[in-house]
1. Output needed for the stretch 72-190: three equivalent-ellipsoid semi-axes, defined as square roots of 5 times the C-alpha gyration tensor eigenvalues, in descending order, whole Å.
2. Please give the charge dipole size of the chain, origin at the Cα centre, charges +1 on K and R Cβ atoms and -1 on D and E Cβ atoms. Round to the nearest 20 debye.
3. Mind checking which helices in the chain clear 15 Å along their axis (Cα) and have mean Kyte-Doolittle hydropathy of 1.0 or more, DSSP H runs only?
4. Report the residues of the stretch 297-311 in range of a label on Val262: point 7 Å along Cα→C-beta, backbone N strictly under 17 Å from it.
5. What ranking of Leu58, Leu404 comes out by heavy-atom accessible area, probe 1.4 Å, highest first?
6. Using a probe of 1.4 angstrom, how much of the accessible area of the chain is carbon and sulfur, in percent?
7. Residues of the chain: accessible area per residue at 1.4 Å, in Å²?
8. Along the Cα→Cβ direction, 7 angstrom out, place labels at Ala328 and Tyr229. What is the inter-label distance in nm?
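The values are calculated or read from the model by the stated rules, or taken from the named source; none is laboratory data. On a predicted model such as this, the values are computed, not experimentally measured, just so you know. Every residue, glycine as well, gets a Cβ built from its backbone with ideal geometry; the counts of neighbours run over all protein chains shown. Heads up: the accessible areas ignore ligands, DNA and RNA and are worked out on the full protein's heavy atoms, side chains in. Shrake-Rupley method; radii C 1.70, N 1.55, O 1.52, S 1.80 Å.
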Amino acid sequence: MKFAIAFGLATLLLSTTAPAATVDEAVQADMPQLMTIYRDLHSHPELSMQEVRSPAILAAEARKLGFQVTEHVGKTGVVAVMKNGPGPVLLIRADMDALPVKEQTGLPFASTVTGKLPDGTVTPVMHACGHDTHMTTWIGTARRLAAMKDQWSGTLVMIAQPGEEVGMGAKAMLDDGLFTRFPKPDYMIAFHDSASLPAGVIGVTDGYALANVDSVKIDVKGVGGHGAYPQNTKDPIVLASRIVTALQTLVSRENDPSQPAVVTVGMFHAGTKQNIIPDDAKLELTVRSYTPETRKLLLDGIKRIVRGEAIAAGMPEDKMPVVEVSEAMYTPSTFNTETLSTHLLSLFQQHFGNDRAIAAKAVMGGEDFSRYWLADKSKQSTIFWVGGVPKAKWDAAGGNVEKLPSLHSPFWAPDAEAVISTATEAMTVAALDVLKKS
Ligand SMILES: [Zn+2]
Ligand SMILES: [Zn+2]
């Protein structure tokens with residue numbers, strides 16, 4: 001009885017005179033619900049540009065919270081707007097897509113889902129990049145900011161983006177009027193879970209954070225024939241091999257060593273049988289850089305080397321290799337603007353302490369979050385990392401990430417609770433700061 005009275009009084013105090021819970025307390029109180037949402041999203045992954053269930057969940061949640069919600073922006077994207085008085089416009093983005101990977105984490109809520117790739121191939125699907133933690137954080141952040149409306153002023157534009165893994169989603173949303181049909185952001189913030197940081201540690205990079213990603217196909221033509229009579233053929237396997245070797249000098253001999261660059265030949269297919277010289281060989285490359293100048297040097301260099309090696313091999317003009325740089329698969333490099341990135345790092349250090357918020361190195365991965373800032377470079381933009389490596393695993397590996405599953409690995413099982421609670425807190429704190437009442 002005594003307990004009941006005390007409890008009743010506490011409830012009364014909370015609802016009337018007690019100060020509002022801190023961001024950390026409010027996030028912690030929401031975590032059991034958020035983890036239920038996370039496990040559900042994790043076990044229902046959807047392939048790029050085929051997101052249907054995930055955006056419906058996010059849209060319904062945002063609507064319930066009082067956001068103005070528009071669905072099917074850029075095919076399957078969601079835009080949730082909350083206008084809350086004068087002030088800047090802040091965009092917060094989460095991506096939604098999963099990967100054609102067969103999950104091997106052994107988690108009780110592991111995905112058993114299959115999906116269809118654009119070419120019709122049936123594939124297992126898994127949230128191997130952790131975009132499920134991004135979506136859950138999006139919901140957690142929307143809840144906090146809706147509940148704390150009296151503590152900020154401005155416009156919040158929360159977007160759920162499709163197709164990040166194929167580099168199409170951000171472009172699709174922009175092409176569908178993200179910056180014309182909806183309030184145009186002054187600030188843009190996103191986060192990505194990290195397989196290179198211990199759980200709950202935030203990393204912020206200043207300047208270039210992620211790379212230009214180009215996909216290049218090379219069709220090396222030859223003149224096929226019998227393996228016993230090479231003099232009657234032009235062997236595309238030998239020519240393609242020379243090309244692969246010569247391409248290594250682009251980074252080692254032509255590129256300024258202070259400018260990061262990667263040229264990786266990830267696919268080399270040729271031939272059917274040991275005694276047949278085939279008609280062609282096919283190569284596929286991923287090419288990474290930060291600046292437009294380095295990107296041009298690498299792409300021009302690839303075309304020049306390919307042609308030069310073909311001439312050296314005696315190929316006639318009508319059998320020159322064909323180099324195709326895919327425009328559709330290009331992802332521009334991601335740039336964190338200095339004012340916002342350094343400010344967020346110090347804000348996170350104040351909030352979480354210096355051990356949990358650190359300056360992070362740039363990486364050669366790609367992210368189409370880049371496109372939002374590239375659409376208007378006068379604005380401020382930052383994507384930050386939130387570490388997901390479970391503490392026990394991090395300690396066992398001595399912090400050596402080579403011993404740990406990376407993003408996109410079938411074994412990537414982040415400490416989702418640490419990622420989501422840290423990211424939700426960080427996003428909320430960042431939004432309250434950017435949209436603080438003047
Ligand atoms: Zn990914
Ligand atoms: Zn990702």
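1. So the equivalent ellipsoid measures 31, 18, 9 Å along its semi-axes.
2. Magnitude of the dipole: close to 320 debye.
3. 2-16, 236-249, 416-434
4. 298-299
5. Reading off the accessible areas and sorting them downward yields Leu404, Leu58.
6. Whole-percent figure for carbon plus sulfur exposure: 57.
7. Value for the chain: 45 Å² per residue.
8. A separation of 4.1 nm, rounded to one decimal place.
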